[in-house]
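Asks: Would you mind keeping the following structure in view while I ask a few things?
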Ligand code: ACK
């Protein structure tokens with residue numbers, strides 16, 4: 001199954017089912033660049049039983065990427081093959097590294113990352129963060145939108161937990177927003193690239209998003225659906241604050257001890273006591289005492305029905 005190409009990069013065969021002809025893909029622009037990878041906007045012809053041209057996003061590697069980066073992108077592809085849910089980003093195809101760079105083709109999310117979208121809604125984005133959103137942006141984010149985003153994400157996470165997939169990096173920066181304000185969970189699994197430098201704390205073994213991590217993940221590298229629930233609590237906080245950075249003023253080095261002493265973020269301005277108590281339930285030091293994603297889905301569903 002494996003062979004090594006001229007440049008020494010391992011190439012692993014992709015399933016015929018997902019293989020997409022490279023000459024049917026037309027790159028238009030760069031959406032974002034990480035340290036090793038980049039995301040491109042492209043048009044694809046007749047992809048995944050979508051007739052004609054459709055907008056897609058292509059995940060690929062930079063020229064100086066290492067073998068490990070290739071393996072990471074490939075394992076992302078292997079995970080994406082297994083998922084199918086309206087609130088999880090969908091794989092559309094793949095161009096294998098046999099005849100050029102590895103392209104993992106996923107659905108295009110017109111509004112980009114939820115974090116940027118929220119921040120844009122209160123006009124605090126830098127020019128670089130604004131990027132390609134400039135032309136298409138609808139400014140308003142209502143209280144109902146916030147609850148709807150939370151419900152959609154809980155629904156997608158409930159699905160991922162059902163198929164025993166742990167996300168490990170659930171955060172607003174890893175939720176994409178598609179047409180009609182539909183949330184799509186992305187960047188799950190083992191692969192991590194840094195598009196938001198300050199969110200990841202440098203450690204010898206890669207980088208970790210400390211401020212989204214449960215205490216047991218910080219202490220024992222333990223990642224479970226329940227540690228995803230902790231991160232979801234931080235994500236609710238990001239939603240309510242329209243994309244603020246969690247634990248402002250607190251250094252990541254001190255966070256673990258503070259959490260162990262029982263410290264939690266305070267209630268943001270404009271955050272209802274109901275929402276604040278929900279996020280605090282996600283931040284229970286005992287993983288088993290945290291709600292399930294299904295519980296959380298029902299909570300937001302009720303809040304949305306009450307608020308008609
Ligand atoms: O907020 P953004 O424009 O949305 O900046 C990031 C950047 O690439 C790096 O992740 C954008 N991005 C990633 N995946 C997609 C996608 N499938 N559709 C649209 N934009 C994407 C993201």
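Asks: Of the numbered conditions (1) modelled with pLDDT of 95 or more; (2) surrounded by fewer than 20 Cβ atoms within 10 Å (Cβ to Cβ), residue 71 fails exactly one; give the number of that condition.
Replies: Answer for residue 71: the failing condition is (1).
Asks: With respect to residue 17, is the statement that it is more than 12 Å from the ligand (Cβ to nearest atom), part of a loop (DSSP other than H, G, I, E, B) and modelled with pLDDT of 90 or more true?
Replies: yes
Asks: Tell me, which helices (runs of 4 or more DSSP H) lie completely within the range 206-308 with 1 or more residues that are touching a helix residue (DSSP H, G or I) at 6+ places or on another chain (Cβ under 7 Å) and more than 20 Å from residue 183 (Cα to Cα)?
Replies: Passing ranges, in order: 215-220, 225-240, 252-260, 273-282.
Asks: Let me ask another. Given the criterion within 14 Å of the ligand (Cβ to nearest atom) and over 24 Å from residue 160 (Cα atoms), identify the matching residue among 114, 102, 55, 73.
Replies: Being within 14 Å of the ligand (Cβ to nearest atom) and over 24 Å from residue 160 (Cα atoms) holds for just one of 114, 102, 55, 73, which is 55.
Asks: If you check 92, 79, which single one turns out to be within 14 Å of the ligand (Cβ to nearest atom) and either in contact (Cβ under 8 Å) with a residue 60 or more places away in the chain or under 17 Å from the mean Cα position of the chain (by Cα) (or both)?
Replies: Exactly one of 92, 79 is within 14 Å of the ligand (Cβ to nearest atom) and either in contact (Cβ under 8 Å) with a residue 60 or more places away in the chain or under 17 Å from the mean Cα position of the chain (by Cα) (or both), namely 92.
Asks: Quick check: anything in the range 232-239 modelled with pLDDT under 95 and away from the ligand (no atom under 16 Å from the Cβ)?
Replies: no
Per-residue answers, yes or no, for (1) surrounded by 18 or more Cβ atoms within 10 Å (Cβ to Cβ); (2) within 15 Å of the ligand (Cβ to nearest atom); (3) at pLDDT 75 or above; (4) within 28 Å of residue 298 (Cα to Cα):
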position	(1), (2), (3), (4)
125	yes, yes, no, no
157	yes, no, yes, yes
161	yes, no, yes, yes
164	no, no, yes, yes
173	yes, yes, yes, yes
181	no, yes, yes, yes
200	yes, yes, no, no
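Asks: When residues of the range 12-46 are filtered for being in contact with a helix residue (DSSP H, G or I) (Cβ under 7 Å, 6 or more places away or on another chain) and free of Cβ contacts under 8 Å to residues at least 60 places away in the same chain, how many remain?
Replies: 2
The values are calculated or read from the model by the stated rules, or taken from the named source; none is laboratory data. Note that the coordinates shown come from a computational prediction; the quantities given were computed from them, not determined experimentally. Positions of Cβ are generated from backbone atoms using ideal geometry, with glycine treated the same way; all protein chains shown enter the neighbour counts.
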